[in-house]
1. To the nearest Å, what is the center-to-center distance of segment 162-239 and segment 34-87, using C-alpha atoms only?
2. If you take the beta carbon distance between residue 224 and residue 176 as r and set R0 to 51 Å, what does 1/(1 + (r/R0)^6) give as a FRET efficiency, to the nearest 0.05?
3. At 20 °C and a viscosity of 1.002 mPa s, what translational diffusion coefficient does Stokes-Einstein give for the chain, taking Rh as the Kirkwood radius over Cα pairs? Give it in µm²/s as a whole number.
4. Tell me the mean residue ellipticity at 222 nm calculated for the chain from its helices only (DSSP H runs of n ≥ 4, each -39500 (n - 2.57), averaged over every residue, nearest 500).
5. Given the Cα-Cα distance of residue 84 and residue 146 and 0.36 nm per residue of separation, how much length would full extension add, in nm?
6. Tell me which of 235, 216, 142 sits at the most positive position along the dipole axis of the chain, charges placed on C-beta atoms (Lys, Arg +1; Asp, Glu -1).
7. Please give the FRET efficiency for residue 94 paired with residue 263, using the beta carbon to beta carbon distance and R0 = 22 Å, rounded to the nearest 0.05.
8. Which three lengths, in whole Å and largest first, does segment 147-220 cover when its Cα atoms are put on their principal axes?
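Coordinate-derived values only; no laboratory data. The shown structure was predicted, so the numbers you read here are calculated from the model rather than taken from an experiment. Here the Cβ is made from the backbone with ideal geometry for all residues, glycine too, and neighbour counts use every protein chain on show.
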Amino acid sequence: MSDRPQTWHYGLVARWWAEFNVDGPEIDYFQRFVEQGQPALDLACGTGRLLIPYLRAGLDVDGCDVSPDMLAHCRERGVREGVSPTLYAQALHELDLPRRYRTIFICGGFGLGGNRDDDVDALRRIYEHLEPGGVLVLDNEVPYAAEPQWKYWTREGRALLPRDWPDDGTRQTTADGSELALRSRMVELDPLAQRVTMGMRAELWRDGVLEQHEEQLLRMTLYFKDELVLLLERTGFAEVSVRGGYDGGEPTPDHEFLVFVARK
């Protein structure tokens, strides 16, 4: 049996996502796929960055995430914006929903928390949850996108891990006037498994006083382009195409994100 997903999307980190991670080019990009095929499922929906705008636009979309904390913030945002999302708290590799979909999309969530076997199981379950002819759309950050992290793939670089926490985190003011700060560091990198472990320290400040702090770990399995194409084909998907970034063009080595579109 697979171990439970190891992510940092809980507590103060979930609150940060809800307060500050609310926009981005992915929203309009993925919406075009949803408009072409409903009902749709937003996997790793988090606090509803994509899901809530889609519901406000009248689209038929459900949401699923491994973190109940993220889903709680998603529900709260839905209440504020006049929509009632249908949400499920499940890991991708344990997906078991009562509905089938024309479109399933994953924005920034594939490869997080588990391991390679979990990811294969996730693709199989996604395939089962698609209607015939349905489409899976997922984005993936290429492993070499973050230049400061690339050096840790070497033996000499791995000897420097785990890194120390940075002195200062990114601090932003929340809706109630308190401040949230995040600090992240690399803890471990296994180039053979293409797996990285990151640490996140979240801090809640009020009137200059630290009231609360939490530390979480996130495991990520890293994928190169052709590797992910082969996984999709192995799962049974057909017509797998790869696009560069969120402009729909051909992928190039300079794209930090690739989008994979696969049909059942």
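1. After rounding, the separation between the Cα centres reads 22 Å.
2. Values: r = 43 Å, r/R0 = 0.84.
Efficiency at R0 = 51 Å is approximately 0.75.
3. Working: Rh = 19.3 Å.
So the translational diffusion coefficient is about 111 µm²/s.
4. That comes out to -8000 deg cm²/dmol.
5. Between residue 84 and residue 146, full extension yields an extra 18.6 nm.
6. 235
7. Calculated transfer efficiency: 0.40.
8. 45, 20, 19
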